[in-house]
1. Just add up the charged neighbours of P455: K/R +1, D/E -1, any other residue whose Cβ is under 13 Å from the Cβ of P455.
2. If you scale each eigenvalue of the Cα gyration tensor by 5 and take the root, what three semi-axes come out for the range 210-274, rounded to whole angstrom and sorted largest first?
3. Sort R106, R460, R249 so that the residue with the fewest other Cβ atoms within 10 Å of its own Cβ comes first and the one with the most comes last.
4. Note the full-extension length gain between K364 and T51 as 0.36 nm times their separation in residues minus their Cα-Cα distance, in nm to one decimal.
5. Would you work out which of A23, W189, P455 lies farthest towards the positive end of the dipole of the chain, given +1 charges on the beta-carbon of Lys and Arg and -1 on that of Asp and Glu, about the Cα centre?
6. Between beta-carbons, use under 15 Å as the cut-off and find the net charge around H408, counting Lys and Arg +1, Asp and Glu -1.
7. Using Cα atoms only, what is the angle between the long axis of helix 201-213 and the major principal axis of the chain, expressed in degrees (0 to 90) to the nearest 10?
8. Around D327, what is the net charge, scoring Lys/Arg as +1 and Asp/Glu as -1 over all other residues with Cβ under 13 Å from its Cβ?
Amino acid sequence: MPDNTIKPRNKVKIKITKEITTAFIGKINEEKVVSSKTYKYTFSKDYKSKTDKEKKALAKIIFTSETKSKKLNKTDKHTTKKKITSVLTKDLYKKGDTIQIPLIKRKVSFTKLDEAELYDEVYVIVQSKGLESGETIVELRQGDKEELELEGVGIYVQHNNSNVKEIKEKIGNFSKDESIENKDDFKDWSIAKIKLAPKNETKLKLYRKFLKDATDKKANLYLLVKANVSGESFTNTFYNEVHGKIANRWYDGDADGVEWFGLKKKTPVIVIDPGHGYTKGSAGSSVRLYNHKIKGKDGKPEKDKKGNLIIKKSVKLDDLPQYVIDDVETWITGIKKGAYSNKYTERALTYDVAHAIYDELIKKGILKEKLHIFRKDLNDRNENNGKTLNERIKYANKINADYYISIHADGDDVKISTSGAHTIYASINHTKLSKKLASDILKYYSVIPILTESPKKDIRNLAVFKPYHKTKRVTLIEMGYVTNPKEAKKLFSNSKKIGKEIARGLDEHINNEYK
C-alpha cells in the first residue's frame, strides 16, 4: 500500500503557510444560549399588552403565526414564547411597530476522547491553518496489530451513511451551520461525524469477535491525517505532531508519552430498579410478627393445665426458634400484618440487592456511565422518596436503555409457607428478548430455590412491561418470599451474595446475547 506518512521536519527552517495543528476523536457538547442575533417582527395591527396575561397571549399569537409561516423555529431561527414575552415592554403596540425577538442557538464544544465503544457516534476533528479551501482525509489505523484492518487497508467506519476507511471532510463546513452561535470558532476545522462500526455485516462480526477475544478487550488505534488541497501533494502541509517518528499520526502509542485510542466492545446501557420506594408507593411485602406454638421437651406443642395450646404472640423474625422456621405450617398459628421494622421490608431488601448488583457489574468492567440505578442514596433505603415507576420508565426510554432489571420480593399472607424465586418476562413488547434474559439472569442464583415454572409470562399487565416502555430486554425478578420466615432469613442475610449471583448471570447473558 502507498506510504501515507510524513517524517517530522524542523519547523524553524520551514516557511509554513499550510498546517495541521492537531487532530483528535471527540464527543460534542451543546448548550442552548441566547444568540447575539435577533429576529425582527413587525406588527400587522394594534395589540394591547399592558398586563402579564395580555403579554403572554400576544407572545403566543406571534409565536404561532411566525412558526406556521416557517419564519421562526427553523434550525437557525429558534425561540420560545417566554423569550418573546420578555421583549414585550410596551402597553400598546400599533401597526408597523417592531420588536427584536431573542433567538436561541447552540453553543458547541468538543471533548477529546481516549477511548470509545463499537457503534458509538463520535467526531473526528482536525484543526488547521491556511487550509480554508482544502479538505482532510483521515484514516483509523490499528497500532499494535492488524486484525481489524483486514489486510492493512484501514479500519472501516460509517460516514455520511457510507462504509469508508478514508474519512473525507471539507475544512470549514461545520462553520456554515447557522444554528451554531459560535460557528466561526470552527472555520479552520474539519469536523466529521462518524459511527465506529463498519456497515458491512461480515466486517462487523470480525470486529466484534476481535474485541471480545482481545486480552485487554480493546483495539489500539491511531489517526493518520492528510491534508488535501487541489493540485498539491499532502506533503506540502506541515503536520504539527511533536511526538514520535511520524508527524501526521495522532494517538500514536509508539511515541513517548502518547496513548493509543482504545476501541472497546459495545456494552449495554443498564437500568437497575430496586422495586418500591416510589414517591406514591409502599414498602412492598414485609416480614410479619408471628404467633407460634411452643415446642415441649417431647417435641410436641405445649399446653396449659386446661389443655389449651400455649401461644407466643407477636414474635419478631430474629426471635423465632429454628424449629418454627423449619416447619412454619406446623408451628405458626397466625401473623400480624404490616411491617414492624424498616429493616425487614421489600423496599429495603431490593435496595441492598440492587446496589450489590451495581457494584458487581462495575467489577466486571461495565462502565459507570452505562449503569443507572434508582434510589442511589442510603437515605432512600427506608423512605418513599424515589421516582414513581412511571417516571423511572420514562427515564429508561430517554437514555435508550438496553436492559431494565426490576428487583422484587414476593409475599403471601394466606399461606406463609409459599416459597420460591422466579422471573417474569414481557408478554407484549420484545417478548423473545425479554424471555431469554429472564431465563438466563438467575442461572447462578442459589439462595432460594427457583420455581420450575420460571420464567413466567406477564399475565397481570404489570406496569414495567407496558407498551410505552421501549427497553427491549426487561425482566422482573422475584427473589423469594419475605413472608415465609425461612426464606426471609436467607434473603435478608445474603443480599451481597444475591447481587453477585444475579450480576454473574446478567454478565454472562450480555457476553453471549447482546449485540
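Readers should treat all values here as calculations from the given coordinates under stated rules, not as data from a laboratory. Just so it is clear, the model here is predicted, and its values are computed rather than measured. Don't worry about glycine lacking a Cβ; one is built from the backbone with ideal geometry, like all the others, and counts go over all protein chains shown.
1. With Lys, Arg at +1 and Asp, Glu at -1, the neighbours total +3.
2. Computed over the range 210-274, the values are 35, 16, 11 Å.
3. Fewest-to-most ranking of R106, R460, R249: R460, R106, R249.
4. The K364-T51 span can extend by a further 106.6 nm.
5. Projecting each Cα onto the dipole axis, the largest value belongs to P455.
6. Charge balance in the 15 Å sphere: -3.
7. Taking the Cα atoms of the chain, the angle to 201-213 is about 60 degrees.
8. Result for the local shell: +2.
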